[in-house]
Amino acid sequence: MAYSGHPGAGGGYYQGGDGQIDADELQRCLTQSGIAGAYKPFNLETCRLMISMLDRDMSGMLGFNEFKELWAVLNGWRQHFMTVDTDRSGAVDSTELQKALTGMGYRLSPQAVNGIVKRYSTRGKISFDDYIACCVKLRALTDSFRRRDQAQQGMVNFQYDDFIQCVMSI
């Protein structure tokens with residue numbers, strides 16, 4: 001496993017001999033980089049989701065440019081989380097989540113936010129790790145929707161197989 005400089009200050013990132021980073025390597029890298037700060041480190045499933053969000057060649061790994069993009073996105077999401085986690089509990093409630101998502105440009109109905117909270121919360125609170133997993137899925141689904149909504153009418157049609165590929169790839 002090689003050690004290479006990453007876009008964050010003072011650190012590096014781990015990659016296998018193939019010049020790519022898989023979920024295990026990403027988890028180690030993000031843990032050692034301290035990007036999660038005082039929050040609990042990312043679990044392996046969240047790392048898999050992060051890779052799937054940017055894995056344009058469907059290799060199951062990220063190249064350096066994809067990793068740089070992920071690093072920038074993660075830093076932005078972390079800033080939104082820290083802004084709304086005013087009590088510094090390491091978790092957000094539905095109101096704080098709504099503020100974070102709105103700050104990132106997502107306009108979701110209260111019902112959609114409620115569904116997200118039900119899916120990602122424990123006792124009504126969403127941890128940083130689960131917040132990142134939620135953001136990954138929301139971004140990937142939104143990107144997929146926008147690619148298919150070429151007329152920009154807010155409506156798309158999916159073939160069954162396309163729908164399954166879309167939701168299972170994230």
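The values are calculated or read from the model by the stated rules, or taken from the named source; none is laboratory data. The structure presented is a predicted model; accordingly, all values stated were derived computationally and were not measured. Positions of Cβ are backbone-derived with ideal geometry, glycine not excepted, and every protein chain shown enters the neighbour counts. Side chains are part of the model used for accessible areas, which takes the heavy atoms of the whole protein and leaves out ligands, DNA and RNA. Shrake-Rupley method; radii C 1.70, N 1.55, O 1.52, S 1.80 Å.
Quick look at the values:
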{"item": "Restricting segment 49-58 to residues that are part of a loop (DSSP other than H, G, I, E, B) and either touching a residue at least 60 places away in the same chain (Cβ under 8 Å) or open to solvent by 50 Å² or more (accessible area, probe 1.4 Å) (or both), the residue that is nearest to D24 (Cα to Cα)", "result": "M58"}
{"item": "Members of segment 97-116 found to be within 22 Å of K40 (Cβ to Cβ) and over 16 Å from the mean Cα position of the chain (by Cα), listed by number", "result": "K99"}
{"item": "Selection within segment 27-48 - under 14 Å from V136 (Cβ atoms), open to solvent by less than 80 Å² (accessible area, probe 1.4 Å) and either more than 16 Å from the chain's Cα centre (by Cα) or in contact (Cβ under 8 Å) with a residue 60 or more places away in the chain (or both)", "result": "F42, N43, T46"}
{"item": "Enumeration of residues in segment 66-96 that are of a type in the set (G, A, S) and closer than 18 Å to R123 by Cα", "result": "S89, G90, A91, S94"}
{"item": "Selection within segment 93-147 - among the hydrophobic types (A, V, I, L, M, F, W, C) and under 19 Å from A36 (Cα atoms)", "result": "L97, A100, L101, M104, I126, F128, I132, A133, C134, C135, V136"}
{"item": "Every pair of residues 6+ apart whose Cβ atoms lie under 8 Å, when the first sits in segment 94-107 and is farther than 17 Å from A140 by Cβ while the second is β-branched (V, I, T) and part of a loop (DSSP other than H, G, I, E, B)", "result": "E96/T86"}
